[in-house]
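The values are calculated or read from the model by the stated rules, or taken from the named source; none is laboratory data. Please read all numbers here as calculations on a predicted model, not as lab measurements. Neighbour counts are summed over all protein chains in view; Cβ atoms, including those assigned to glycine, are modelled from backbone coordinates with ideal geometry. These accessible areas exclude ligands, DNA and RNA; they are computed on the full protein's heavy atoms, side chains included. Shrake-Rupley method; radii C 1.70, N 1.55, O 1.52, S 1.80 Å.
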Amino acid sequence: MNKVLTHLKNNFVIYLIIITCLIIVGITLFVNHEPEPEKLDSSLYNKVNIEGIDYLFNDSTPKLLLIGTDSCSATVKYSKTLNFEMIKYNYKVYYLNLEEVDMESDAYKNFIKKLDLDYEQDGKPGKFYDFMGLTPMTVIIKNGKMVYGYIGTMSSGALDTVTELYGVSHGVVNG
């Protein structure tokens, strides 16, 4: 018994270090410190589904359509600018969540045919619909057709210019 006690006294620091290391390894393996990714708050938008999206094209009134996903960090960031602008200039934003779209459906195929504006992304030319899946996408629909499209985030100034140019905002500040 004396040998055991002497051994423990002589090696106490080593055992303490081993126990501390085991606790640290256990904490790092079992505790997740990753924050929950921020989700898009689309409560201010008029949500549209792919089956009913044709009504946006059946009206001559200019409309702004946001195409994105609730989990896209760029869309979430862009929505803050878009929210400010839509409230400031009192216009509606329509939102299509691509996570809820069956991309094999006839309704989807008919919809993307309407996004036929010539567009260039990262030096690659094509039609706007060729880049579906990249988000966020800002689409302006006027007189039954797509008249403007942009992939990525836009500044407040760019949104001001585009929405006024195409008649979405009429350049009138809400107040």
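Observations
- Accessible area of the chain belonging to carbon and sulfur atoms, whole % at 1.4 Å probe: 57 percent
- Relative to the dominant Cα principal axis of the chain, helix 156-165 is inclined by about 20°.
- For region 1-140, share of DSSP beta bridges that run antiparallel, in % to the nearest 5: 50 percent
- Between K109 and V147, the simple spin-label model (points 7 angstrom out along Cα→Cβ) gives 3.1 nm.
- Computed lengthening from S155 to K127, 0.36 nm per intervening residue step minus Cα-Cα distance: 7.7 nm
- For region 1-107, size of Cβ-based charge dipole, Lys and Arg +1, Asp and Glu -1, in debye: 1060 debye
- Take every pair of alpha-carbon atoms less than 8 Å apart whose residues are at least six positions apart; their mean separation over the length of region 1-154 yields a relative contact order of 27 percent.
- As computed over region 1-58, the Cα convex hull volume per residue (Å³): 133 Å³
- Debye intensity ratio I(q)/I(0), log10, the chain, q values 0.10, 0.15, 0.19 Å⁻¹ (C-alpha model): -0.48, -0.87, -1.27
- Solvent-accessible surface (1.4 Å probe) assigned to E99 amounts to roughly 100 Å².
- Å² per residue, accessible surface of the chain at 1.4 Å: 62 Å²
- Region 122-175 - Debye-derived log10 I(q)/I(0), Cα point model, q = 0.15, 0.17, 0.19, 0.29 Å⁻¹: -0.50, -0.62, -0.75, -1.23
- Cα shape, region 74-175, gyration tensor, a/c 1.5 rule: prolate
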